[in-house]
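For reference, the structure is listed below as structure tokens.
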Amino acid sequence: MFNLTKMLTNFNTYGDQLRYHKKCQNSITGAREGIGPVVAWNINSQCNLRCKHCYSNSAAEEKKETLTTEAAFNLIEQLADFKVPVLLMSGGEPLLRDDLYLLIAKAKKLGLRVVISSNGTQITPQVAVKLKKLGVSYVGISLDGLPEVNDDFRGKKGAFKAALNGIRNCQKVGQKVGLRFTITKSNYQQLDELFKLIEQEEIPRICFYHLVYSGRGKNIKSAELSSVQKKQVIDQIIAWTKYFINHDNPKEILTVDNHADGPYLYLKLKDQFPSQAAYVYQQLLLSGGNRSGSAIANIDHQGNVYADQFSRFIVLGNIRDKNFAEIWTDQDNNFLNKLRHRQQYLQGKCENCNFLAVCNGNLRARAYAAGDLWGEDPGCYLSEAEIKTKIFN
């Protein structure tokens with residue numbers, strides 16, 4: 001994640017402590033030294049929607065291999081023992097799992113910070129109250145455009161209205177909530193309207209996801225923006241971030257799954273605002289770019305462990321067979337070792353990029369989908385001239 005608001009204001013959140021800190025730089029098995037990774041856990045595979053970009057291929061029926069409540073409790077204990085700083089419960093649609101509240105309560109009792117990733121359609125006023133009382137830190141709700149576009153993308157008419165009601169229900173009880181938006185050719189022209197909705201509804205946070213060709217996302221590679229369009233979108237997001245800042249109403253605005261966004265902001269600032277550009281670059285150095293397999297881990301509904309939620313082409317292990325800590329610290333795992341020291345293996349334009357130290361080769365899942373795990377990430381939109389820019393900091 002790349003926090004644009006922080007880069008332009010020195011705005012800080014809990015998550016920023018796990019991204020921009022000197023203890024992040026040398027941490028191989030955690031978000032920071034002394035703790036584990038942020039874990040995105042797909043607690044189920046069942047979903048009431050059928051989104052075109054779903055990395056987990058979730059469907060209407062739950063799969064039998066899903067961890068039982070007992071096994072899920074055991075996993076939560078393992079994660080707490082490994083000092084995981086954030087447990088993100090996702091799906092499928094996590095609210096369709098009958099024991100969700102038991103899992104949240106267990107995690108909170110053991111001191112874990114719990115975040116929910118939902119499509120929002122199941123968040124009734126009663127559900128919002130339960131989430132708030134259980135101490136959920138944040139609920140991220142997906143919207144991928146205005147009603148017609150969103151409903152087409154998510155495979156169900158009325159999904160937009162239901163998700164917006166879910167957001168409002170959270171806000172009414174003081175449950176922190178924000179938006180998740182995956183950028184595609186079908187919705188990028190609706191950004192202004194989306195930001196107006198954020199302002200109107202007083203939504204405090206939004207994460208903009210770049211498209212990843214994983215799961216059903218492999219089928220919509222044609223929905224990927226061109227490099228020119230990506231720059232236009234980031235420019236637009238930056239402009240709105242500044243708008244909220246200038247109106248004394250800063251929103252937490254982040255981009256996700258494309259570490260070219262950091263260097264791009266640096267390049268925009270370096271001539272007119274060199275001190276701000278230097279600050280951005282220093283923060284990017286602390287973060288270290290993409291840290292899949294170190295700062296982030298994924299566990300699916302069956303207990304399989306992956307380097308991140310998009311890298312399901314290599315299973316690191318299963319928590320039914322081994323403790324999570326054993327899997328995550330296995331020094332004999334060749335893929336993990338290479339991923340954690342990937343810069344020496346990267347090819348293509350990554351090899352000669354001056355921003356490699358702050359990007360770390362971007363997202364390997366997209367490179368893998370393009371045919372070469374260690375090749376350049378096709379999602380990088382920086383030009384040859386831009387990646388060779390001399391850095392001043």
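The values are calculated or read from the model by the stated rules, or taken from the named source; none is laboratory data. Quantities reported herein were computed from a predicted structural model and do not represent experimental measurements. Because the Cβ atoms are built from the backbone with ideal geometry, glycine has one as well, and the counts that use them run over all protein chains shown. Just the protein is used for accessible areas: all its heavy atoms, side chains included, with ligands, DNA and RNA removed. Shrake-Rupley method; radii C 1.70, N 1.55, O 1.52, S 1.80 Å.
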How large, in percent, is the carbon and sulfur part of the accessible surface of the chain at a probe radius of 1.4 Å?
47
Any chance you could run the full-extension gain for Gln189 through Asp99? It's 0.36 nm times the residue separation minus the Cα-Cα distance, nm to one decimal.
28.5 nm
What net charge is computed for the residues neighbouring Glu376, neighbours being all others with C-beta under 10 Å from the C-beta of Glu376, Lys and Arg scored +1, Asp and Glu -1?
-1
Which is the longest run of the chain containing none of the GluC sites (Glu not before Pro) found in DSSP loop states (not H, G, I, E, B) with at most 16 other C-beta atoms within 10 Å?
203-393
What net charge do the residues around Gly30 carry, taking every other residue with its C-beta under 10 Å from that of Gly30, with Lys and Arg at +1 and Asp and Glu at -1?
+3
Residue of Ala297, Ala307, Ala162 that the Gaussian network model of the chain assigns the largest fluctuation, springs spanning Cα pairs under 10 Å:
Ala162
So, in nm, how far is label Gln171 from label Asn337 when the simple model puts each one 7 Å beyond its Cα toward the Cβ?
5.2
For the pairs Lys157/Lys268; Lys268/Lys349; Lys172/Lys322; Lys108/Lys338; Lys156/Lys218; Lys23/Lys251, note any where the Cα-Cα span goes beyond 32 Å.
Lys157/Lys268; Lys172/Lys322; Lys108/Lys338
Mean separation of Cα contacts under 8 Å (6+ apart) over length of the chain, as relative contact order %:
20
Can you give the FRET efficiency to the nearest 0.05 for Asp81 and Gln236, using r as the Cβ-Cβ distance and R₀ = 45 Å?
0.55
Quick calc: nm separation of the 7 Å Cα→Cβ label points for Asn26 and Ala60 -> 5.5
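Give me the number: length gained by fully extending Ser383 to Tyr14, i.e. 0.36 nm times residue separation minus the C-alpha to C-alpha distance, one decimal in nm.
129.5 nm
Quick check on the chain: helices-only [θ] at 222 nm, where DSSP H runs of length 4 and up contribute -39,500 (n - 2.57) each and the sum goes over total residues. Nearest 500, please.
-10500 deg cm²/dmol
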Counting only DSSP beta bridges with both residues in the range 2-341, what percent are antiparallel, rounded to the nearest 5?
15
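Mean Kyte-Doolittle hydropathy of -0.5 or higher plus an axial Cα length of 24 Å or more: which whole DSSP H helices in the chain meet both?
227-246
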For the chain, dividing by residue count, accessible area per residue (probe 1.4 Å) in Å² works out to 42
